[in-house]
Structures are given as structure tokens and as C-alpha cells.
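Working notes for the structure below.
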Amino acid sequence: MREDKVISGAERRSPVRRLLHPVRTRLAVAVILATVGQALVLVPLAGIALIAKLALVDGAGDASGDIPDVVAISLACLVAGMALVTTGELLAHLADNWLTVRLRKALVDRLSKVPLGWFSTHASGAVRQAIQDDITTLHELTAHYYTTYGRCIGAIAISVVYLLAIDWRLAVLALLPFPLFHLIFGAAKKSITEERLKDFIAGQSRISNAVVEFISGIPVVKAFGTAGRAHEGYRDAVDGFQKAFLRFTGPLVVPLANANAIITPVTVLAVTLAFGSLFVHLGWIAAVDVLPFALVAPGISGPMMLLGFLGHAVANATGAAERVQDLLDTPLLEQPAPGTSVRPEGTEIRFEGVRYAYDGPNDVVCDIDFTLEPGTVTAIVGPSGAGKSTIARLLLRFFDPDRGRITLGGVDLRQIASTDLYQRIGFVLQDVRLIHASLSDNIALGRPSASRQAVEAAARLANIHDRIMALPRGYDTVVGEDARLSGGEEQRIAIARAILLDPPVLVLDEATAAADAESEAAVQSALSGFASGRTLLVIAHRLDTITHADRIIVMERGRVVEVGKHADLLALNGCYARLWRAGGYGDHLPETAICEVTP
Amino acid sequence: MIRALLLLLSDDAPVFRRYVLMAVSYGLLSGVTIAAAVPVLGGLLRGDGEGAGRWLVILLMGVVACWLLRRRVEIAGIGVGLAILGGARLRIGDHVARLPVGWFTAENTARLGHIVTHGMMEIAQLPAHVVTPLVSGAITPIVMVSALFALETSMGLIALVTLPLMVGVFVLSAWLGRAADTAYQLSAAETSQRAVEFAQAQSVLRAFNGEGGGVRFLEGAIDSQHRSGRRLIWLSTLSVVLNVWILQAAFAALVIAASSRLSNDVSVPEIVAVVAAMLLAVCFVDPLLDVAAFGAAVRGARNQLAEVDRVLTEDPLSEPVNPERPRDASVELRDVTFGYRRGEPAVVSGASFRVEPGSMLALIGASGSGKTTLMRLIARFFDADAGKVMIGGVDIRDISSRDLSAQISQIFQDSWLFQGSIADNIRIGRPDATDDDVRAAAQLAGVDEIADRLPDGFDTIVGEGGARLSGGERQRVAIARGLIKDSPILLVDEATAALDAENQEAIARTLSRLRGKRTVLVIAHQLSTVRMADAIVVMENGRVAEQGSPRELEARDGLYRHFLQQRQAAKGWRIGA
């Protein structure tokens, strides 16, 4: 609760400020160093002006004593200034690197605690984008923006103050190009209408979509020899984007070129000399006092232009910061408060009036009630889209039910600490995921401290030990690098993983089985050995493997329509019987695979 | 880097060359114009108002000329950007469309997507934000060197010596930066991969996170990126220090040289010349400092261009010069050998067999025995390393890609659906198919059941990649697509196409319907399918271990017999028995 309050209080600040909060002191120091340093770097210009004045006014001979001092002081300032700037930038970079690793780990930590269902609605690319790309974009801000800003301000401020001190009238006129630049620049920016900006952004997202469609579709398109279609879409998107880009930038080109031309060093130098000559002609200023202007004023152009560009970095970084902050604010899967979690007694599982809708009203499971007695085998069957996998995911707490509750050993899943939960419920799901690591690391994923003997024992039980030993690097084989494993072999690794964890309840997605005859037999014998004595929930896609289950739950459109043993269900001659016949397992001819259910 | 850019621009390269030429002339012109400021200042300091005025007029004219030229440079720069956003994007599209299907792995596809969207955007902005300031910043100082020579030979010499020294230091520091940068990019890529894995395997990672084991891989990658980031910071700081300090050292040398000229009694014109030379020294160093600051931007662009280069230099599948047409619907392999990567053992070696027109061949064998690869070779996802694949008596490399794809229809695991309706996606198989044809194929593939359930039936929009359908449903649409194509040869991967009972049934219906009418090659999984075949090829470790009719092979005590026994064992297996 207290933590929530802190967050809501901080929420009023911008995402960038919230993210950079921990390094704000370091950044402030870096900016001050860079600002002061850049100002010092410019001291030699004043030194040159002073030398010229000394030589011309006092005569070179008289001034020759002072000149070396001026040179020495100027160069000392130059060296000190550069040292300060470098230190400031180094500091900012180190702060960024420090912050980056913290943010990345905070993201990983947060995402490890959000409901698992979150990952099915967010592309893995989005996670990569946040953890890698967005935080790298922040680097522009943390490591570069603030110090560069400081340097620009330092350079501009000291130049302006110096020139004003020498002659404020000439200073105002010599610096005239800069406000003019902003005027033109601002007017040009204003000409970007909301509509054109939208057009441009729409064009950009259209091209992203067309690219995905085009590239992913190439294999299909090539297979069917109808290359034209997807290609057309891509061409259209490219052309459309080009036009939107032209509409967007076209009217800006000339005004921006004009604005840039006004503050190029050449122009500033010419303006300075023109007004300077005029002032000298009018007798308002000594000729030697024009020199500081010629030396210093053109140098303001660089920082001025840079300030304009810096805006881009901020805009990009702000977008990135928002995305990162959004992820850091993703609602967590409700966890029992520390100390209040309840350890389940026993392994009985009950679904009580469970309802869950994950994507609109079409994808719903509701009114689910059943009990898994310890040590029994329960199978869930039904046509695809019936909600079988949703039941498995709810039990594994990928997400929580909207209504009703699921209990393990009499305790609501929501009150069980996730480590306790996953020690009791293991699973082997349809999509086997091996980690890019050695085979032994993969098997020991849940128990990294397991001994090699334990790992090998699990692999033996999973019928994969011999295959692993046949690989040149054995258990040290890195998946996907040293060897390609077949689907069936990957499944057996996943089974070994579950065996090593040794949970009393096992959820099995049985579509795993469809690889080839050889591995199927191996997978199945591995599973049946491991499953005996445990509570088993099987999501069955084929019916012939589950005929001996203690209980079969038949699902149809999110509801339980039949429950019973194989023989009873066949005798009922309902949905299950139709599925059985459709699968062609019995002697009957296939009819139709879909049950007709009147809601 | 320039090579990759020119390769990318191809026909538009002259646009780029013209633009660079203009940027160079702009640099020269602004250098000369700045030099014109020297006599103005000199005139003022000497009290020669008239001379100053004359030069001032020239200076102002130069400024106007610079302004006009600058505008043209920027417009030309936009032109280059447009050429990249338009022409180059299309060129990449045309190029990848000719690459072998096998190239489109998940990794390559993702990388390509990034290049075409973000990469191109970044490269397109190169001219405006990087090339113009870089070129003019590098050219102007050269003019300053000649002007310095005219005023003060010693200072001219210092400036002249600085230039090659500076180039040397730039090269050295770029080299320093690059080594660290490459290491950093590698560790960043590792983190990216781990982040994707973290998201995709989240369920497994979380369930097996007992001792923090689930996140340790990603956290390890983040830590190592952190470490290589630190190294990169120190090295790039060093390279910035080198770049900037060599220039400031040159500046200091110029100031010292100038002030030493003032130590004795010198005439006013000489003092004026020295002062003017110091102004030139400032104008010499300033743009070079800007150039030094662009190092990072150039490095970023080089990475993008290297990626582009890698895609554009990928070899497309060769098209025959004198294409031949297949004579019938037979498929024949002669001594075919193929490996995915050099140095790895071949996945298929010395495979030979022949499928007569209109007959059905079942491919069986353990996973990893090369069945899928064989199918891919027949569909020309890749070309064989040795031996040849022939269709209708013609090497497939001598058949035009259009004719080849007209011959073959595939039902593989790859079931990408395009944005559009279910009917649209089925029609990809045969664009001129009638509604009745679509319905017939849909019925055979079991798509009609899906359409019946959806509000808009066959007109239901499936979303990108078919995201609004389940995996099994997408697969069935892909089966219908393969069926409607009506080509003489059908390739089916039963193991991966049959996700669930409904799909299994659709495949079985398809096979029994088309048997005897088409040449069918099927990676068989079901015993019933194997029994349907006219001939069987048993693969083992990439080789054809046995081939013959089902009856012949059953009689032999070989792999096929073993397969049948295994099947029976799998059939006999019961959970909870």
C-alpha cells in the first residue's frame, strides 16, 4: 500500500524525470563541469583579442612582456576547460551506464511478476524493444543531451556576456542573425500542420506493416508463384511514404535552408564586420575592438545549431522513456503479501465456478467446476477453440479467473506464493521452449544447483540420455549452436526438466506427441513412467491416448458439456462420441468433427 | 561504407555524387569567403577605410553566393534522402524477393524488417545531418591553410602539418572505438536475444524459476553488456580526448607561433597580418572540432550500412538463361547432398529416388533424418550442394521459378496468412478461382467449419499473419490454399500440418481424394497414410535407408518393420493404464 502511494505521488513528474531521478545529482555535476569547461575553452579567443590590442595600441615592443603571460593564461584555461568538459562527459556516460543496468534489471524484475497472460498480448519484440532499444535511446539523453546542452549554454553565455561588455551596441547588431534564425525556424515549424504530421506518422506505420507482411509473406508468395500481390502492397506503401515525407518536409526545405544560411559562421562574420566597419566609420568604436566580435561571434553558430538538433534527441528519448515507464507500471499479478501466503496442504485441485474471458466476448470459459483428486488422471478434450488450453493456463496461473476460484490443497491460488505453486505444479506444454544454453543447464533450469548425476538421472527417465551422450559435446552441447534437436528430442528435454523438478501435479499438453513415430514412442514411454502416482491433467488433442483416463472432461465453446469415462461417454453418444468417430480411431467412418451444441 | 551506400543507391548514385560535389563546392566557397574577411579586418586595423569597404562588398557578395549554394545543397540532400526512402527500399524489396526461401529464417526476417524501416530512415537523414556539415567542415580548413601560408608561412606550415596528423589520430581513435564498439554490439545483441527468449519462454522460465534460475541468463547478458559498455565508455572517451586534444594542441601551437612574432619591434602592417592570421587559425580549428564531434554519428550510420550491405550481397537463387519446361509430373532425386552450413555435417547425403507421375510416396524416418530438408530441396528453398533434383525430367535449376511454382503445391508448417479475408487467403493459391472453387477447397480442408463459426464467414478478416485464428485454424486455411492451387505435384508435411484432430482429418481427406490424380510426396506420420502410399522411402541420418512398396518393405526385416512396431507401441500406449 505504501509503495502505491509513492508511485502515485511520483506519477505527476514526467517519465523522463522519474527514470533519471536516481542519477540526477551526478548529471547536475556533469552539466556544471561541461558548462564551466566550455566557457573556459573559449578564453583563448579573448586572449587573442587582448594580444592584438596590446600589440597595436601599446606597440609590440612595449607589450612584449605582457604577451607571453596572456598566452600562458589562455592556454592554461584551454587545457583546464577541456579537462572539465571531458570529465563532465565521462561522468554523464558512467551515470548512464549505471542507470541503464538498473533500469534493465528493474524491467526484468517487473515483467517476471506480471500476469503471464500479458506475454500473449505483447509481442516478444516489444519486450526486446523496451529492455534493449528504448533504454539505449535513453542513453542519448542521459549521456549526451544534458552535457551537450550545458556546453552550448556555456559557450553562448560567455560569448554574449563578453561581447556585451566590450560594446553592447555592436554586440546587439552582430548577434542579430541568431534571433532571426529562431524566428524563421519557428515560422517554418508552425507550418507543419497537425494533419501533415499525422499523415507522415501514418505513412511510417503503414510502411512497417507492409514490410512485415511483405517479408513474412515472401515464402508463401514464392511457393504460389503469385509474387505480384504482396509486392504491390509494399510498393504502394513505399510510394505513399515517400509522398507523405515530401509533403511533410517539402515546405520546410527552403525556410530551413534560409534559417541555416543566416547563422553560418560566414554570414555572422560578414554581418559583424559590416556593422563593425560602420561603427569604426562613425567613430563609435576603435578598430581594434571589432576584432573580438570577429573572433567570437561566428563561434556561436555551432552551439546554436546544435541546440536545434538536440530537440530530436529529447523527443525520441521521451517516447522511449514513456514506453519504459509504462512497462515499469504494468500491473502485477496479485501476490500474497509477504508473510500472508498460505502453504497448500495436499494436492487436491478444485475449479469452483470459474469464468475467464481474455479477448472479447467470444473467447470465454465459464461455469467450470471440477475436482482433480490426488493421484488421478484427468483428460480435457474438445474441438479446437473449445477452451482446453485456457483451463491449463488458469491452473498454472498464467492469469487469474474473472469469477470463481481455483484451489490447490484447499488454498486459493492467489494466496500461494508463486515459488510454492510451481514446486507443486509442473508442466510440459505444447510449445517446448529450450533456452539458448547447454543441455544440462536446460534440464536444470528449475534447479540450477542440481548435481550432474541428478540431471543425468532425469534425462535417463525422459529417454534422452543416450541421445545426449551421442552428441560430440554431450551435456555441454549448446542448443541451436552445437546441434539441432528434433521436436521429439526437445520434448524429452522438457520432460527431463519437469522430472528434475519433481512436482506432485503435472499438466501435460499432449499435442507434443506429433513429431514422428520413433520419438513419439520414446516421448510417451517417458511420460507414462513419470506420470504414474501423480495428479495428472492432460490436454488431449487426439483421443486414442486418453481412453484409460480416470475421467474425461469434454469441452465445447468454453463450457464443460460432458464428463465421464471413455466407455460411458461413447455410450452417451454425444459430443465425445462424435469426436471419437471423426478421429477415425474406431471402426466407424469419419463424419464430422464438430459437435452441434445449442447454447 | 561508401560502397554500401552506392550499392544501395544503384541507379540513383549520380544523385548522390552530384550532391557531394555540391557540398564540396560549398565548403570551398565558404572557405574563400571567410578568407575575404582578412583584408576587411586588415583595412580596419590599418585605418584604411576605403580598402575595408571594397573588400566588405566582396565579402557580402560571397555570403550571398554561399547562401544560394547552401540552399541547393540542402535540396539536393533531400533528393538523396528521398532516393533512399523510395528507390533503395524498393531495390531491397526486389532483391530479397529473389532470395531462396530458405534464407527467410526468423532471425533474418526480423533483421530485414528493421533495416527497411528504421535503418533506411536513419540512412536517409545522413545527407542533411551528417554529410553536409562533415564535407564542408573538412573542406573549409583546407582553404584556411592556403590563406595562412599567404599571411604567415610558419603558421601555414603548422596548419599543414596538423592535417595529416589529425587524419592519423582520427583513424587511430576510430580504430580504438571500433574494436570496443564491435564487442559492445555483440553483447547488446546477446541481451536482445535473451530479452526475446525471456518473453517467448516466460511460462517455462517462471515455472522453473525456483532458485532464480529463470532470469539468470537475461541478467547475465545485461551484466556483460554493462561491462562492455564501461569499456566502450573509457575507450571512446580516450578517442574523443585524442581527437580534440590534437586539434587544440595545433591551435595552441598556432597562437604561440603568432605571439612569438610580436615579441620584437615589428611594423603595424606586420602586426595586423599576425592578428589576421590568428583569426584564420580560429577559423581553421573550429570546423575541424565539429568534424571530430561527428565520429559517433558516422559510426552509427556505418553499422546500418553494414547491415544493408549484408542483405544486398546475399546471393539470389539463380534463374535459368534458357528455361526448360518439365515434361511430366514425376519427381526424381539423383545423388542429392545438402548441408545448411559449411563445416556442418550434411543433412542429406547421396539421396536418390524417383516418384512416378500420379503416384504417392511416403517419406518416413526418425526426426532429424532429413525428410523435411528433402521436401524443401524439391520446392527449391535451397539448391543442393551436389547431385540434382529433377521435375518432369528437368533439373529444377533449369526451370523458371514461375513454372516450378506452378508445378508444385506445398502443405508445410509455414502458414503465414496475409491481411485480408479467409477467402482472399485461400485465393492466393489460384487468384482466378471462382467462389465455388474456394468453397470446395475450404470444405475439403475443413475451413467451412471455421467460417461457419465466425460472424462474417469467409469474409472474416484474419489480421496480420492470421493472428485472429488459432494455430490449427490457420493451418487449415493454408491447406485449403494448397489444395485450390491444383498443381500436378503435391508436397505434404503431415507431421507438422496435423496440429489437432480436425487438421489430421483434413489431411487424411485431402490425401485420399488426390491419391492417383496427383503426384503426392508426404512426410507420413499416420500409419493409415503410410499404408495408402504406392512407395515408401525410409530415411536414416540423411541417407535413403530403404525404399520400395509397403508390401516389399514389410516382408523385409528392416527399418520399416521397426517403424511399424514402434507405431503399434505408440498406439498401445495409454496414460493412466
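Just so it is clear, none of the values below were taken in a lab; they were calculated from the coordinates. No experiment lies behind these values; they were computed from the predicted model shown. Glycine also receives a Cβ, built like all others from the backbone with ideal geometry; neighbour counts cover every protein chain displayed.
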By average C-beta atoms within 10 angstrom, highest first, the peptides B:427-435, B:476-484: B:476-484, B:427-435
Projected label distance in nm at residue B:334 and residue B:61, using a 7 Å step from Cα toward the beta-carbon: 8.0
Linear extension gain, residue A:357 paired with residue A:196, 0.36 nm per residue minus alpha-carbon span: 54.0 nm
Among A:448, B:39, B:127 - extreme Cα towards positive end, dipole of the protein assembly as shown, charges at beta-carbon: B:39
Residue exposure sequence - A:548, A:231 - by fewest surrounding Cβ within 10 Å: A:548, A:231
Ranking of B:523, B:391 by count of other Cβ atoms within 10 Å, fewest first: B:523, B:391
Positive-end residue of B:489, B:451, B:340, charge dipole of the protein assembly as shown with Cβ unit charges: B:340
Residue-averaged beta-carbon neighbours from other chains (10 angstrom radius) around A:267-275: 6
Proximal charge balance of residue B:411 [Cβ under 9 Å; K/R count +1, D/E count -1]: -1
Rounded if a/c under 1.5, otherwise prolate or oblate - the range B:139-260, Cα gyration tensor axes: prolate
Around residue B:437: net Lys/Arg minus Asp/Glu count, Cβ-Cβ under 13 Å: +1
Dipole-positive endmost among A:407, B:441, A:351 within the protein assembly as shown (Cβ charges, Cα centre): A:407
Shielding score for B:421-427, defined as the mean number of other chain Cβ atoms within 10 Å: 1
Value at 222 nm in deg cm²/dmol, rounded to 500, when DSSP H runs of n ≥ 4 in chain B each add -39,500 (n - 2.57): -20500 deg cm²/dmol
Flagged links, alpha-carbon separation over 32 Å, of B:371/B:485; A:113/A:189; B:388/B:485; B:371/B:517: A:113/A:189
At least 18 Å along the helix axis (C-alpha) and Kyte average at least 1.0, DSSP helices within chain A: A:24-41, A:146-166, A:265-282
Peptide ranges B:252-259, A:48-55 listed from the most packed, as the mean C-beta count within 10 angstrom indicates: A:48-55, B:252-259
Extension reserve of the residue A:314-residue A:180 stretch, reckoned as 0.36 nm per residue once the Cα distance is removed: 45.9 nm
Check: the protein assembly as shown dipole with +1 on Lys, Arg Cβ and -1 on Asp, Glu Cβ, in debye: 600
Of all DSSP beta bridges in chain B, antiparallel share, percent nearest 5: 50
Cβ-derived FRET efficiency at R0 22 Å, residue B:163 paired with residue B:237, nearest 0.05: 0.35
Order of B:470, B:239, A:191 - criterion: other Cβ atoms within 10 Å of each residue's Cβ, fewest first: A:191, B:470, B:239
Per-residue mean of C-beta atoms belonging to partner chains within 10 Å, peptide A:123-129: 6
Point-to-point label distance, residue A:57-residue B:435, nm (Cα→Cβ direction, 7 Å offset): 9.6
Cα-projected label distance for residue B:7 with residue A:282, points at 7 Å along beta-carbon direction, nm: 6.2
Dipole magnitude of the range B:274-423 about its Cα centre (Cβ charges: Lys, Arg +1; Asp, Glu -1), debye to nearest 20: 300
Reference-scaled alpha-carbon Rg (2.2 N^0.38 Å with N residues) for chain B: 1.42
DSSP beta bridges in chain A [antiparallel fraction, %, rounded to 5]: 50
Within the protein assembly as shown, percent of DSSP bridges classed antiparallel, to nearest 5: 50
